[in-house]
Structures are given as C-alpha cells and as structure tokens.
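Visitor: My questions all concern the structure below.
The values are calculated or read from the model by the stated rules, or taken from the named source; none is laboratory data. What you are looking at is a predicted structure, and each value in this text was computed from that prediction instead of being measured. All Cβ positions, glycine included, derive from the backbone under ideal geometry; neighbour counts span all protein chains shown.
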Amino acid sequence: MSIALTELLKIKHPIIQAPMFLVSNVDMVTEAMKSGIAGCIPALNYRTLDELRLAIKTLKKEKVEGGAFGFNLIVNKSNIKYKGQLEVICEEGCDFIITSLGSPEETIKQAHKAGIKVFCDVVDLKFAKKVEALGADAIIAVNNEAGGHRGNISPKALITQLVANCNIPIISAGGVGCKADIDKMLSYGAAGVSVGSPFIASVEAQVTNEYKQACVDYGAKDIVMTERISGTPCTVINTPYVKKIGTKATWIENLLNKNRKLKKWVKMIRFSIGMNATKNAATKATYKTVWVAGPSIEHTKAILPTKEIVKKLVI
C-alpha cells in the first residue's frame, strides 16, 4: 500500500500520461518517458495488430531510464480485438497494462506471465476489491472530475476510501491540471496520478489544431456530460454544435434501450455512430465538433510540447 508510483514503474515523477482514444500516440509517450513519467496508449488507437506491434517495438527502442510505457485494453466483449491485442502486448512486452470496462482476470493472468504489471480502472470500492482479489498490481481510481467516461465520486472521497480498504497502490484519475492538483491527490493517499486532458493540447497530439485550441479557449465551466456519443455519459466541451444537438438521449433511444432484446444492438450502433463522430471531430475539419475533454483543461493556456506540459505539472 505504501509503494509509490515512482517505485512501481521506476519513473522520476508519479504521473501516468493517461491513454486517450484518438489522441495518445508514440511521439507523445516517447516525450513523456524522456520527461520522467509513464505514458499509455489505447490499443484501439491501432487498426491492426501489426500496427500495434510496431508501436511497441518503437517505444522499446525509445525508452529511457526514468520513463515507462504501457497500453490500455478494453477487456469486455464489445472489443473483438481484445484477445489479439493482449497476445501481441504480452509477446512484445511493456511496463504495464491499464484495463477498462470489464473483468481483468485473463489480462492479469497473461500479463503476469510476461512480467507486465496490470492496473485496473475502477469507479468505486466494490470493483476495487474485485480487481485486487484478481491480482491487480494497482488501482486506477476514476473520479468525478475525469475526462471522458468518468466516475461519480469526488477525488478525495474515492481516494481515501480505497486507500483505507485496499492493500495495493491507488492511482488517482481525474481533476489534475497543475502541480497543486497533484500535491492534493498525493495528500489524500494516492500513490500517483493519471493525467489526460492537459496533453490534448500538446504539439505531439495528432488531432486538429481546432481541437487543441478549444482546450485552450474553453475551461472547466464549459465541460458538460453527454449521452449522445456512446450511450454512456461522457464529458465533452460544450461547443455550439453540442448545444445544438443536446446532451440527452432521444426519446426513441430511451425507448429502445428499455427493450431487453434490442438494448445490446442499440448500444452498439449508438457507440459506433458516436465514435465515428468523435473521430471526425478530432482529426478532420468539421462543424460537428464533439470534443472529449475533462475540467482540468482549465489550466491549459497554450499548445505546448509534451515536455513543457510535464514541466508545468512537476514544478
């Protein structure tokens, strides 16, 4: 329980550059490692297993002392690429895996055989105890200030509850945009922090300059929850387009979601449409600006290289 993230991953600063769909990439993580923190990329950012394998090989070559890298896996049945992704990651090797949205049991089993640590996303004590019992090396405590699919509990309440009841390190995710935020999370008992939104406006992020600039121009008060992307509440910047389409599911979506036979298919279709819209907004010039971000963009004042963003977080 007393193991700090710096010791767990052999990094200089207790920070993980959080995995972000469409945003995280090899260049970002390389610069993160050179800056003394860990970087993580969603395996789903790669269309093929060959692309994923190449990314791992590249990061292994770029790794420096004081840095670490890992990958995020969606471990439920909706990710049909999961088994192949896990196999490639275990074959090639990395420092850690972060699991999301499902049971991490198989990931923990296979990753530990390959000498890879496994950290698991949780939003409450119930799931924290489950992943601890399965052998997780640390818990990613996703609080109600996280970007994207967030939790419902405040950082302080969630961290203190998990620290008091779990015997593995607790890594706080959400609500960190500056050094003072990190110090606050560590004071609650966190072993380290996972930071995402501030890195959207990094030079290395391969998203549009409009998306990056939005993270500069908008702030915490402009972050809203929407049900229109994946069917699960998700935080986005409240752009004019988001205001136009609204943030609540339509009446027909709500009706179909109540049908036990159709619910699964409706959610899959909604997820597919929403993810395509998010991808287009992040990577192309479009008026349909659905930009995922968290309230920590409040501290984003300019588009900067990753190394400068890290410096602002640690000094």
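Visitor: Might you let me know whether segment 125-144 holds any residue that is modelled with pLDDT under 95, more than 30 Å from Glu62 (Cα to Cα) and of a type outside the set (Ser, Thr, Tyr)?
Guide: yes
Visitor: Then there's this: Residues that are under 23 Å from Ser172 (Cβ atoms), at pLDDT below 95 and in the same structural domain as Asn143 (by TED's automatic domain parsing), at least 1 per element: which strands (runs of 3 or more DSSP E) completely within segment 7-121 meet that?
Guide: Where strands (runs of 3 or more DSSP E) fall fully within segment 7-121 and carry at least 1 residues being under 23 Å from Ser172 (Cβ atoms), at pLDDT below 95 and in the same structural domain as Asn143 (by TED's automatic domain parsing), they are 68-74, 96-100.
Visitor: State whether one or more residues within segment 176-189 are assigned to a loop (DSSP other than H, G, I, E, B) and of a type in the set (Phe, Trp, Tyr).
Guide: Yes, because at least one residue in segment 176-189 is assigned to a loop (DSSP other than H, G, I, E, B) and of a type in the set (Phe, Trp, Tyr).
Visitor: Here's another thing I want to ask about it. Would you tally the residues in segment 1-35 being in contact with a Gly (Cβ under 6 Å, 6 or more places away or on another chain), over 19 Å from Cys178 (Cβ atoms) and among the small types (Gly, Ala, Ser)?
Guide: Total meeting the criteria: 0.
Visitor: Name the single residue that is nearest to the chain's Cα centre (by Cα) among those in segment 155-193 being polar (S, T, N, Q) and within 13 Å of Val122 (Cα to Cα).
Guide: Across segment 155-193, the extreme among qualifying residues is Ser172.
Visitor: Which members of segment 219-238 meet the condition of being surrounded by fewer than 19 Cβ atoms within 10 Å (Cβ to Cβ) and at pLDDT 85 or above?
Guide: Result: Gly219, Ala220, Lys221, Asp222, Val224, Met225, Asn238.
Visitor: Scan segment 141-171 residue by residue and report those that are touching a strand residue (DSSP E or B) at 6+ places or on another chain (Cβ under 6 Å), of a type in the set (A, V, I, L, M) and free of Cβ contacts under 8 Å to residues at least 60 places away in the same chain.
Guide: Scanning segment 141-171 gives Ala141, Val142, Leu158, Ile159, Leu162, Ile170.
Visitor: Let me ask something additional. Please go through segment 49-75 and pick out each residue that is in contact with a helix residue (DSSP H, G or I) (Cβ under 8 Å, 6 or more places away or on another chain) and farther than 20 Å from Ala38 by Cα.
Guide: Selection gives Leu49, Val75.
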